[in-house]
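Input: a single structure, listed below in structure tokens.
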Amino acid sequence: MTNSVYFDYAATTPVSPDVLKVMIPYFSEIFGNPSSIHQWGQSAEAVLEKARSRCGKVLNIPSENVIFTSGGTESDNFAMRGCAFSRRKLYGADEIVISPVEHDAVSKTAIQLRDEFGFVLKILPVDQFGMVDPDTVRNLLTKKTAIVSVIYGNNEIGTINPIAEIGRICQEQNIPFHSDAVQAAAHLPMDMVRDHLNLISIGAHKMYGPKGVGLLGLNSISDLLPVQTGGGQENHKRAGTQNIPLIIGLAEAFYLAQNNIEERNARFSYLRDRLICKILHEISGSQLTGHPTRRLPNHASFVFDGIDGNRLLMYLDARGFACSSGSACKVGSPSPSGVLLALGIQPELALGSLRITLGDKSTEMQVDALVQALAESIQRMRK
Ligand SMILES: *Cc1c(COP(=O)(O)O)cnc(C)c1O
């Protein structure tokens, strides 16, 4: 085991003991296939539908509109591809609109749809904080728009987008609106009706649930080309025998994440703001990335002048602090993050990025110790 202090909760979280406890019986005691007719199958089916109904309630959608998937990535892929192919077939809609700060699971899917399947890809502008202005969405919509996708809470820079306002504009024109809420669902109250969302991606392992499970929530949208074909599971939209223990874990983690939000966020944002204040104050050439206030309550991200972000991570790791450069998917890649470039940050500066994300175990003492280690590391690296 390690005695390193974990500050990378946006990359993944541990499964909470409460979540683990409810999952365990479903590995080997209640193990039936929910599609089977006998009692073993029926008991599995009953807990599966209970989990579905819990998730539907949290999202404010009917339970049959909850499709369980293998995680955030699959949900994003399914939303984009499923909607794009279906809308092109039905209405000749072949345009896709996304922001330039999407997770790769959305942006790479959109790029594949453009490069391999002939869709037109339109990229929304964002401001210096990586936020989408709803008015700019209206300008890009046409009768041929198949789907609009805007990330809810950004994994790299923490910025929260005005999802409900964007949703209203898409709804006025009857255009499907998707949001990747994998980060946001851990901290912000979710409601697909309030936000005028047609599709939402949720993953369990960013909110103290297990890896390898997520869901795609649907609201007032039925046409979606199944990406995975086979049996009739998940309302004929996603074939394959459901992973009951992981789904139980997802439902429990999602329910817990959506409870006591205000209390938890007050604690998180206090620690986050302390961290941001101290770093900007004590470390010269430091700059916050993402929005100063409209950001995920546990999320602080920076760039440092004249610093190699990957080297900084190694310095911090050696001092017992686990942080990230911004996106877990970019480890080992020497090119600057596209998200930071989209904010207008110079490529050289963007290479000096650091993301610090807090979790339920984070304390004020740990935060203060991290700032000290960071200041010392940067001073040493600049020599
Ligand atoms: C982690 C993450 C994903 C991918 O989810 P997985 O469950 O790891 O596949 C997608 N979008 C965002 C914003 C994320 O943070």
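The values are calculated or read from the model by the stated rules, or taken from the named source; none is laboratory data. Model, not experiment: these values are computed from the prediction. Methodologically, a virtual Cβ is constructed for each residue, glycine included, from the backbone with ideal geometry; neighbour enumeration extends over all protein chains shown. When the accessible area is computed, the model is the full protein with side chains, heavy atoms only, and any ligands, DNA or RNA have been set aside. Shrake-Rupley method; radii C 1.70, N 1.55, O 1.52, S 1.80 Å.
Would you point out which residue out of 29, 74 is acidic (Asp, Glu) and more than 13 Å from the ligand (Cβ to nearest atom)? Break it down stepwise before answering.
Working: 74 fails: more than 13 Å from the ligand (Cβ to nearest atom).
Residue meeting the stated conditions: 29.
Give the residues of the range 182-228 that are more than 14 Å from the chain's Cα centre (by Cα), open to solvent by 10 Å² or more (accessible area, probe 1.4 Å) and of a type in the set (A, V, I, L, M, F, W, C), sorted by residue number.
Result: 193, 221, 224, 225, 227.
Using the structure shown, decide if residue 336 is crowded, with 20+ Cβ neighbours inside 10 Å, under 29 Å from residue 73 (Cβ atoms), without any contact (Cβ under 8 Å) to a residue 24 or more places away in the chain and not small (Gly, Ala, Ser).
Details: crowded, with 20+ Cβ neighbours inside 10 Å: yes; under 29 Å from residue 73 (Cβ atoms): yes; without any contact (Cβ under 8 Å) to a residue 24 or more places away in the chain: yes; not small (Gly, Ala, Ser): yes.
So residue 336 passes the test.
Could you list, in sequence order, all residues of the range 59-83 that are assigned to a helix (DSSP H, G or I) and touching an Asp or Glu at 6+ places or on another chain (Cβ under 9 Å)? Full working, then the answer.
We begin by selecting, within the range 59-83, every residue assigned to a helix (DSSP H, G or I); these are 59, 63-65, 72-83.
Of everything in the range 59-83, those that are assigned to a helix (DSSP H, G or I) and touching an Asp or Glu at 6+ places or on another chain (Cβ under 9 Å) turn out to be 59, 63, 72, 73, 75, 76, 79, 82, 83.
Among what's in the range 134-179 and is within 30 Å of residue 260 (Cα to Cα), touching a strand residue (DSSP E or B) at 6+ places or on another chain (Cβ under 6 Å) and open to solvent by 10 Å² or more (accessible area, probe 1.4 Å), pick the residue that is nearest to the ligand (Cβ to nearest atom).
For the range 134-179, the residue satisfying everything is 152.
Please find, among 208, 255, the residue that is farther than 18 Å from residue 60 by Cβ and of a type in the set (Ser, Thr, Tyr). Outline the logic, then answer.
Numbers: 255 fails: farther than 18 Å from residue 60 by Cβ.
On inspection, the qualifying residue turns out to be 208.
Consider residue 12 carefully, then state whether it is surrounded by fewer than 19 Cβ atoms within 10 Å (Cβ to Cβ), under 22 Å from the mean Cα position of the chain (by Cα), within 16 Å of the ligand (Cβ to nearest atom) and under 30 Å from residue 355 (Cβ atoms).
Working: surrounded by fewer than 19 Cβ atoms within 10 Å (Cβ to Cβ): yes; under 22 Å from the mean Cα position of the chain (by Cα): yes; within 16 Å of the ligand (Cβ to nearest atom): yes; under 30 Å from residue 355 (Cβ atoms): yes.
So residue 12 fits the description; yes.
Would you be able to tell me the number of residues in the range 35-58 that are among the hydroxyl-bearing types (Ser, Thr, Tyr) and assigned to a helix (DSSP H, G or I)?
Number satisfying all stated conditions: 2.
Residue check: is residue 54 of a type in the set (Lys, Arg) and crowded, with 24+ Cβ neighbours inside 10 Å?
Considered against the rule, which asks whether it is of a type in the set (Lys, Arg) and crowded, with 24+ Cβ neighbours inside 10 Å, residue 54 comes out as no.
Are any residues in the range 90-111 within 16 Å of the ligand (Cβ to nearest atom) and either more than 22 Å from residue 157 (Cα to Cα) or part of a helix (DSSP H, G or I) (or both), and if so, which ones?
Here is the first cut: in the range 90-111, the residues within 16 Å of the ligand (Cβ to nearest atom) are 98-111.
Across the range 90-111, the qualifying residues are 104, 105, 106, 107, 108, 109, 110, 111.
How about the range 86-105: which of its residues are surrounded by fewer than 23 Cβ atoms within 10 Å (Cβ to Cβ), over 14 Å from residue 223 (Cα atoms) and hydroxyl-bearing (Ser, Thr, Tyr)?
Matches in the range 86-105: none.
Regarding the range 321-340, can at least one residue be identified that is within 15 Å of the ligand (Cβ to nearest atom), over 16 Å from the mean Cα position of the chain (by Cα) and not in a loop (DSSP other than H, G, I, E, B)?
yes
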